[in-house]
Amino acid sequence: MERRQALKTLVSGIGALALPSWVTAQDNWPAKPVRIVAPVAPGGGVDLVARTMADRLTKAFGQSFIVENQSGGGGVIASQTVSRAAPDGYTLMLGYVGTHGTNPAVRKVPYDAVKGFTPIGMVGGTPNVLVVTPALPVTSVKELVDYLKANPGKVSYGTAGPGTLTHLVMEQFKETTKTFIVHVPYRGIGPAIMDVLGGQTQAMFPGLAAALPHIKAGKLKPLAVTGTSRHRLLPDVPTLDELGYKGFDGVQWYGIVGPPNLPPAIVSRLNTEINRQITSPELKEKLSSEALETMPMTPEQFGTYIRNDIAKWSALVKVRKLVIE
């Protein structure tokens, strides 16, 4: 009996030694700084959300959460980095609609946006807003649709690039309304907005955060927003849904993900804290001022959201026969 017990103890000890260090260390997490990879260059919505959450989590856990910007390939480089990282809780990522929604739907990416990550917590999203130049003689979506049908090919729209949300939402609009607008892709949202302001293009579907200053200045005319309800910053602008155009519930969303097989205990702690932070009145107000509404979810709900978003845009790409390299 004593020999059997000794053998059992020895085997258990060997097994513990064979385990990766992060398995036995997860109870003390976080015991060192945690990096949050932002898949963009500094500046813009993704970077803003990453830094906001890093600051909040640093204070909540008493350990540094540091943002590391890894731009390139439309988020591909950062996504690969995080997907391949050790599942120890010390490498996270600010995933967003580009890395975990539109990109996997429109092109072949060298990572699996679903199986290659652990969904941790949704932060929030901002709707897209259909805007036109003041020079275009329309004041409503109905008038725009009528104008486009009467002037096929004479109106163009700018986007942040092929396959981005600004592109796909307009393609969804064209499919739903059976209209045609010429696509003019740019390298980023900044130059696309500059050209619609300058009149080189006449319409756009940017994120509300990027368009809001120009709407307030009277340089862009808002006709409708995506999402399921009107936005508090544009209370007089209807949703496409209430105008009878269904299915425009997509938003520019942001959330925290980690490598696959992240320990459930770490996921649970992070999700609980993320939800606590984004439901606090002070942070909700701060993010809302940036046109971003918080969207608390469980890890399971967030994972379902990601899968549904990819499926939604994949279906549109198939219907529109979009070929994006």
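The values are calculated or read from the model by the stated rules, or taken from the named source; none is laboratory data. Being a predicted model, the structure only gives us computed values, none of them experimental. Using ideal geometry, Cβ is built from the backbone for each residue, glycine included, and neighbour counts are taken over all protein chains shown. Just the protein is used for accessible areas: all its heavy atoms, side chains included, with ligands, DNA and RNA removed. Shrake-Rupley method; radii C 1.70, N 1.55, O 1.52, S 1.80 Å.
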Quiz item: Once amide H atoms are placed 1.01 Å from N in the peptide plane, what residues at a sequence separation of 5 or more from Ala224, or on another chain, have their amide H within under 5 Å of its amide H?
Solution: Leu130
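Expressed as a rounded percentage, what relative contact order does the chain have, with Cα pairs under 8 Å and six or more residues apart?
Numbers: 582 pairs, mean separation 78.8, N = 325.
Reported relative contact order: 24 percent.
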Self-check item: Rough spin-label spacing in nm, given labels placed 7 Å along Cα→Cβ, for Ser280 and Ser268
Solution: 2.3
Exercise. Starting from the Cα gyration tensor of region 232-325, take the square roots of the eigenvalues, sort them a ≥ b ≥ c, and report rounded, prolate or oblate (rounded when a/c is under 1.5, otherwise prolate if a/b is larger than b/c, else oblate).
Key: oblate
Quiz item: Solvent-accessible area per residue for region 88-135 at a 1.4 Å probe radius, Å²?
Solution: 25
Quiz item: Does region 42-152 come out rounded, prolate or oblate, given a ≥ b ≥ c as the square roots of the eigenvalues of its C-alpha gyration tensor, rounded meaning a/c under 1.5 and, failing that, prolate meaning a/b above b/c?
Solution: prolate
Quiz item: What is the helix-to-structure angle for 299-320, meaning the angle in degrees between its Cα long axis and the longest Cα principal axis of the chain, kept from 0 to 90 and rounded to the nearest 10?
Solution: 40
Practice problem: Go through Lys149/Lys219; Lys115/Lys318; Lys216/Lys318; Lys59/Lys312 and tell me which ones have a Cα-Cα distance over 29 Å in this structure. | Solution: Lys216/Lys318; Lys59/Lys312
Practice problem: Report, in degrees rounded to the nearest 10, the 0 to 90 angle that the Cα long axis of helix 165-177 makes with the longest principal axis of the chain. | Solution: 50
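Within the chain, what whole-number % of the accessible surface is contributed by carbon and sulfur, with the 1.4 Å probe and all protein chains included in the calculation? Each step should come with its number before you reach the end.
Details: 8410 of 14950 Å².
So the carbon and sulfur contribution to the accessible surface is 56 percent.
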Quiz item: What ³J(HN,Hα) values, in whole Hz, does the Karplus curve 6.51 cos²θ - 1.76 cosθ + 1.60 give for region 132-144 when θ = phi - 60°, with x put for Gly and Pro?
Solution: 9, 6, x, 6, 6, x, 9, 10, 8, 5, 4, 5, 5
Quiz item: Across 20 Å bins from 0, what is the distribution of all Cα-Cα pair distances for the chain, in whole percents?
Solution: 31, 51, 14, 4, 0
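How would you classify region 129-206 from its alpha-carbon gyration tensor, with a ≥ b ≥ c the square roots of the eigenvalues: rounded for a/c under 1.5, else prolate if a/b is greater than b/c, otherwise oblate? Please report the intermediate quantities before stating the final value.
Details: a/c = 1.87, a/b = 1.30, b/c = 1.44.
Verdict is oblate for region 129-206.
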Practice problem: Apply the Karplus parameterisation 6.51 cos²θ - 1.76 cosθ + 1.60, with θ equal to phi minus 60°, to every residue of region 285-295 and state each ³J(HN,Hα) to the nearest whole Hz, in sequence, with x for glycine and proline. | Solution: 5, 4, 5, 5, 5, 9, 6, 10, 9, 6, 9
Self-check item: Sequence-distant residues sharing a close amide H with Thr159 (under 5 Å, placed H)
Solution: Val184, Tyr186
Practice problem: Calculate how steeply helix 189-198 sits against the longest principal axis of the alpha-carbon atoms of the chain, using the helix alpha-carbon long axis, and give the answer as 0 to 90 degrees to the nearest 10. | Solution: 10
Exercise. Work out from phi, with θ = phi - 60° and the Karplus expression 6.51 cos²θ - 1.76 cosθ + 1.60, the ³J(HN,Hα) of each residue of region 113-120, listed in order in whole Hz, and give x for Gly and Pro.
Key: 5, 9, 6, x, 9, 10, x, 10
Exercise. For Lys149 paired with Lys32, estimate the spin-label separation in nm (one decimal), with each label point 7 Å from Cα along the Cα-to-Cβ line.
Key: 6.4
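So between Glu175 and Lys216, what do we pick up on full extension, going 0.36 nm a residue minus the alpha carbon distance? The partial results should precede the final answer.
Numbers: separation 41, 0.36 × 41 = 14.76 nm, distance 2.94 nm.
Stretched out fully, the Glu175 to Lys216 stretch lengthens by 11.8 nm.
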